[in-house]
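Q: Structure in structure tokens, see below.
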Amino acid sequence: MTSPSAEERPPWLREVDLALCAHPQILLTGNVHDLYRLPDPASDGRIRFMTLLEGLWSVAEARGYGAMLAYYTGVGVEVVAPRQQVPAVTQLLRDAGVEPNRQLPLTSLRDLLTAVVDPERRRADQPPVALVLADAARLFFGEMLSPEERLLMSAADRLAYRSTPVGSAYNTVFWVLDREHDLPSWFVTGNHTLRITAIPEPDLAARLRTAGDLIEALPDAPTQQEDRDRLVRRFAESSHGMRIRSMRDVVRLSNAAGIGAEQVDDAIRAYRVGVPDNPWQGDAMRERLMQAETTLGQRVLGQPDAVRRALDILARSVTGLAGAQTTSRNMPRGVLLFAGPTGVGKTELAKALAELLFGDEKAYLRFDMSEFSAEHAEARLIGAPPGFVGHDAGGELTNGIRQQPFRVVLFDEIEKAHPRLLDKFLQILDDGRLTDGQGGTVYFTEALIVFTTNLGIIVPDDDGKPRVNVTAEQDLPQIEELVRSHIELFFRTFLGRPELFNRVQQSIVVFDFVREHVAAELADRAIERVAATVARRYEATLKFSDQARTELRDQATYDLSNGGRGIISAIEKHLVNPLARHLFAHPPAPGDTVLIEDIEQDGQNWRLVLG
């Protein structure tokens, strides 16, 4: 039989081919549950997608192996090839006291291992046999081995050193594992009979070959070679991080959902996030964005540049140009870094964007990064790894995106996060995905990522003492230049994360200070919200004299160092607190009017002068 072309086989399988001649045990880790694009010796070397066992048999058969057995926990022993049990295989199973397709106790598995490997049990004229322990990690329960489990591993270790070649190859035992550390370290470390072979995830070249094989199966596949080549590359690039099996399933999903070849990106997105519709590309989204500058400008006062910049990012997503300048098609829909003084509308704009995009300002995940200043806080985001308390609960971030992939994700005051968390943000910004504590993959390709920061407003001087870096006396271009410079200095020098700054530098949106005319409007809005609350709660009317309104506005806008939050706090102090005191003592009847003539200071408190 002709061996499959070495050029057609992946490097890991060529490594296995050689290891058959030199090692009685081979440990396979990594991408062991995928499909593999391999030449089929049974069909004149034509390429087809094979399982791991089929791929192993393709090289073992070419090496002269007579049979391959596979053991599955809960299933038992299966004869992989040849399909018909040859007399030698039947005798081997009989000698081990094993019946096919029946669950075995570990003592019987040890007998089977002995029957396959022990040279005293195998005749020299018989061809070699391979035994694949297809889910080897599931042989063991708990971190400490039981006596039966230890005897099994000890027997495997002893038999491997006793094994002798049969012709040009050994009777081989394959240990198939997700991770090599799933076996006891004393068995793996320094074991010269054991060859460890890692099966990698498909790279771009492998995905291009796979996409070329699968493209014809997509609905309305193009017939022109130029169009076909273009779609093959789109399919391969958009499937970054996916396995061959997943790419094949994307084709099946496309046919089931009627998604044409030209929309292969939508098929991949639907496969990843489980939602066939794409709200980013809908007509409703376009209509909302057409009026968004006016809508957002009315909600976030005094920040027209920031609003316009944010909408530019969203327009890229709606027009399909997000990530068009790169080869990666898996980045989030948009990334924004809101920088500026406190209380100027950074968080408010993030909420407004969530309401604009998804019809609900609560359609966003908010994380106060001051709560994630410790290294172990990473577990709150992605979940604790197996073996740690709470690992079954998952992470707040990964769970939220898995449940609803179309969201605004807000990371407030990013500079307060532990530096280790920044590596997670790099993965999100680059690949649009994150692996949780249980090993599952969560995709951020449909999310809008928003960071906020106060960097550049107050900075340390040469003595390490805080000093004011920007003031309201400066205009916005000056503020922007100073803030951007300090953000770059912080990421590149203080944190040593220049790669993170490179990812976000074009997404920095610098907010202006709250100016006096904006502050007056914010104060008036806060006053009107108080009046609306009284009307809703008591069915009464709250009115203000011109003098009272002017005094309230003056008190609220006296100190703008805390921005809008300072204005709200001042309204609470000068109006809400004394008003609550009055309404508690004298609740108005429905239809009454409460007229506030003036406000006066009373010690540390304020009181209302009522008309």
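Q: Determine whether residue 535 is surrounded by 15 or more Cβ atoms within 10 Å (Cβ to Cβ) and of a type in the set (Gly, Ala, Ser).
A: For residue 535, the condition - surrounded by 15 or more Cβ atoms within 10 Å (Cβ to Cβ) and of a type in the set (Gly, Ala, Ser) - is not met.
Q: Considering only segment 202-261, state which residues are polar (S, T, N, Q) and within 23 Å of residue 439 (Cα to Cα).
A: 238, 239, 246
Q: Answer yes or no: is there a residue in segment 365-380 that is over 28 Å from residue 267 (Cβ atoms), surrounded by fewer than 20 Cβ atoms within 10 Å (Cβ to Cβ) and touching a residue at least 60 places away in the same chain (Cβ under 8 Å).
A: Checked against the condition, which is being over 28 Å from residue 267 (Cβ atoms), surrounded by fewer than 20 Cβ atoms within 10 Å (Cβ to Cβ) and touching a residue at least 60 places away in the same chain (Cβ under 8 Å), segment 365-380 yields no hits at all.
Q: Check residue 563 against each of (1) of a type in the set (Gly, Ala, Ser); (2) out of contact with any helix residue (DSSP H, G or I) (no Cβ under 8 Å at 6 or more places or on another chain); (3) farther than 27 Å from residue 297 by Cα and name the one condition it does not meet.
A: Looking at each condition in turn, residue 563 falls short on (3).
Q: Within segment 555-592, restricting attention to residues that are under 18 Å from residue 472 (Cα atoms) and not small (Gly, Ala, Ser), which residue is farthest from the chain's Cα centre (by Cα)?
A: If we take residues in segment 555-592 being under 18 Å from residue 472 (Cα atoms) and not small (Gly, Ala, Ser), then 558 is farthest from the chain's Cα centre (by Cα).
Q: Give the residue that is nearest to residue 523 (Cα to Cα), with candidates limited to residues of segment 582-611 that are without any contact (Cβ under 8 Å) to a residue 24 or more places away in the chain and of a type in the set (D, E, K, R).
A: Ranking the qualifying residues of segment 582-611, first place goes to 600.
Q: When only residues in segment 210-234 that are of a type outside the set (D, E, K, R) and over 23 Å from residue 10 (Cβ atoms) count, which is surrounded by the most Cβ atoms within 10 Å (Cβ to Cβ)?
A: 218
Q: Taking segment 250-269, which residues are surrounded by fewer than 18 Cβ atoms within 10 Å (Cβ to Cβ) and not in a loop (DSSP other than H, G, I, E, B)?
A: Those that are surrounded by fewer than 18 Cβ atoms within 10 Å (Cβ to Cβ) and not in a loop (DSSP other than H, G, I, E, B): 252, 253, 255, 256, 257, 262.
Q: Give me the pairs: first residue in segment 289-300 and in contact (Cβ under 8 Å) with a residue 12 or more places away in the chain and surrounded by fewer than 16 Cβ atoms within 10 Å (Cβ to Cβ), second residue basic (Lys, Arg) and in a helix (DSSP H, G or I), beta-carbon distance under 6 Å, and six or more apart or on different chains, which are they?
A: Here the result reads none, with nothing in segment 289-300 linked to a residue that is basic (Lys, Arg) and in a helix (DSSP H, G or I).
Q: Does any residue of segment 125-138 turn out to be acidic (Asp, Glu) and crowded, with 18+ Cβ neighbours inside 10 Å?
A: Yes, segment 125-138 has at least one match.
Q: Here are the criteria: (1) crowded, with 18+ Cβ neighbours inside 10 Å; (2) part of a helix (DSSP H, G or I). Tell me which single one residue 29 does not satisfy.
A: So residue 29 meets the others, but not (2).
Q: Continuing with this model, one more query. Considering only segment 438-507, give the strands (runs of 3 or more DSSP E) lying wholly within it that have at least 3 residues that are modelled with pLDDT of 90 or more and either touching a Lys or Arg at 6+ places or on another chain (Cβ under 9 Å) or surrounded by 15 or more Cβ atoms within 10 Å (Cβ to Cβ) (or both).
A: Result: 448-453.
Q: While we're on this one: Among the residues that make up segment 302-309, is at least one of them free of Cβ contacts under 8 Å to residues at least 60 places away in the same chain and touching a Pro at 6+ places or on another chain (Cβ under 8 Å)? Step through it out loud before you land on a result.
A: Initial filter on segment 302-309 (free of Cβ contacts under 8 Å to residues at least 60 places away in the same chain): 304, 307-308.
Now drop any that are not touching a Pro at 6+ places or on another chain (Cβ under 8 Å), which leaves none.
No, segment 302-309 has no match at all.
Q: Would you mind stating whether residue 240 is surrounded by fewer than 22 Cβ atoms within 10 Å (Cβ to Cβ) and in the same structural domain as residue 116 (by TED's automatic domain parsing)?
A: When the stated conditions are applied, residue 240 does not pass them.
Q: While we're looking at this one, here's another question. Among the residues of segment 508-524, count how many are assigned to a helix (DSSP H, G or I) and touching a helix residue (DSSP H, G or I) at 6+ places or on another chain (Cβ under 9 Å). Before the answer, list the steps.
A: First, the residues of segment 508-524 that are assigned to a helix (DSSP H, G or I): 516-524.
Still in the list and also touching a helix residue (DSSP H, G or I) at 6+ places or on another chain (Cβ under 9 Å): 518-520, 522-524.
Summing the residues that are assigned to a helix (DSSP H, G or I) and touching a helix residue (DSSP H, G or I) at 6+ places or on another chain (Cβ under 9 Å) in segment 508-524 gives 6.
Q: Of everything in segment 34-84 that's in contact with a Ser or Thr (Cβ under 9 Å, 6 or more places away or on another chain) and under 19 Å from residue 246 (Cβ atoms), which residue is surrounded by the most Cβ atoms within 10 Å (Cβ to Cβ)?
A: 36
Q: Mind checking which pairs have a first residue in segment 485-503 that is within 19 Å of residue 450 (Cβ to Cβ) and a second that is charged (D, E, K, R), Cβ under 8 Å, 6 or more apart or different chains?
A: Qualifying pairs under 8 Å: 490/415; 491/497; 501/488; 501/492; 503/430.
Q: Continuing with the same structure: Report yes if residue 89 is surrounded by 14 or more Cβ atoms within 10 Å (Cβ to Cβ) and in a loop (DSSP other than H, G, I, E, B), otherwise no.
A: no
Q: From 543, 573, which residue is outside any helix (DSSP H, G or I), touching a residue at least 24 places away in the same chain (Cβ under 8 Å) and not assigned by TED's automatic domain parsing to the domain that holds residue 472?
A: Every option except 543 fails the conditions.
Q: Please work out which one of (1) closer than 30 Å to residue 280 by Cβ; (2) under 31 Å from the mean Cα position of the chain (by Cα) is the condition residue 480 fails and give its number.
A: Every condition holds for residue 480 apart from (2).
Q: With the structure loaded, tell me whether residue 151 is assigned by TED's automatic domain parsing to the domain that holds residue 56, of a type outside the set (Gly, Ala, Ser), farther than 19 Å from residue 192 by Cα and assigned to a helix (DSSP H, G or I) or whether it fails that test.
A: yes
The values are calculated or read from the model by the stated rules, or taken from the named source; none is laboratory data. Everything quoted here is computed from the prediction, not taken from an experiment. All Cβ positions, even for glycine, are placed from backbone atoms using ideal geometry, and neighbour counts span all protein chains on display.
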